[in-house]
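Structure first, then comments.
The values are calculated or read from the model by the stated rules, or taken from the named source; none is laboratory data. Small disclaimer: the values here were computed from a predicted structure and weren't measured. Here the Cβ is made from the backbone with ideal geometry for all residues, glycine too, and neighbour counts use every protein chain on show. Protein only, heavy atoms only, side chains kept; ligands, DNA and RNA dropped before computing areas. Shrake-Rupley method; radii C 1.70, N 1.55, O 1.52, S 1.80 Å.
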Amino acid sequence: MKYTIEHISQGENEVILRCGSPSAEMEQLIRFLEFQNRKLIGNKDGIQTILEPSEILYLESMEGKTFAYTETSVLQLEYSLAQLEQLLGTVNFFRCSKSMILNIDKVRELRSRASNRIDATMCNGEHIMISRTYASDFRRRLRGE
């Protein structure tokens with residue numbers, strides 16, 4: 001893909017995409033641009049908090065409820081994990097098990113484990129296990145495929 005950057009001294013930044021037919025690469029770029037303005041609302045102790053997706057380490061579904069884990073807190077979200085996967089899964093987030101989505105940008109280390117699983121160490125030191133069902137897709141995603 002070819003791109004051109006044009007510097008302007010004033011006015012609003014603008015992105016123009018030109019293509020014959022939308023490719024997977026273009027669709028991913030569009031989703032990335034749309035993602036930049038997305039915010040979530042989480043609840044903790046009855047207080048609603050605005051949450052930037054970039055703050056999220058991982059999302060987990062337990063007992064019919066969905067939680068967002070950041071470095072400092074755990075917030076309950078009103079979305080299902082499937083809805084969050086649709087909203088966030090195309091850019092930095094990856095479904096790593098039936099009940100969990102992790103933020104790839106927050107992974108510090110990866111270790112291969114038995115049965116084709118992957119142990120992902122997050123930036124806060126927590127370990128998230130990527131199940132064997134999702135491990136191959138995760139490796140492909142990291143390679144940019």
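Only one of the numbered conditions (1) open to solvent by 80 Å² or more (accessible area, probe 1.4 Å); (2) under 17 Å from the mean Cα position of the chain (by Cα) is not met by Gln48, and that is (2). Within the range 100-117, the residues that satisfy the criterion of being of a type outside the set (S, T, N, Q) and open to solvent by less than 40 Å² (accessible area, probe 1.4 Å) are Met100, Ile101, Leu102, Ile104, Val107.
Taking the range 12-39 as the range and being farther than 22 Å from Arg141 by Cβ and either touching a helix residue (DSSP H, G or I) at 6+ places or on another chain (Cβ under 7 Å) or at pLDDT 85 or above (or both) as the test, the residues that pass are Val15, Leu17, Cys19.
Yes or no: Ser115 touching a Lys or Arg at 6+ places or on another chain (Cβ under 8 Å) and outside any loop (DSSP other than H, G, I, E, B)? Taking the combined requirement at face value, the residue satisfies it. On the stretch given as the range 58-80, residues that are closer than 22 Å to Tyr134 by Cβ and crowded, with 21+ Cβ neighbours inside 10 Å total 5.
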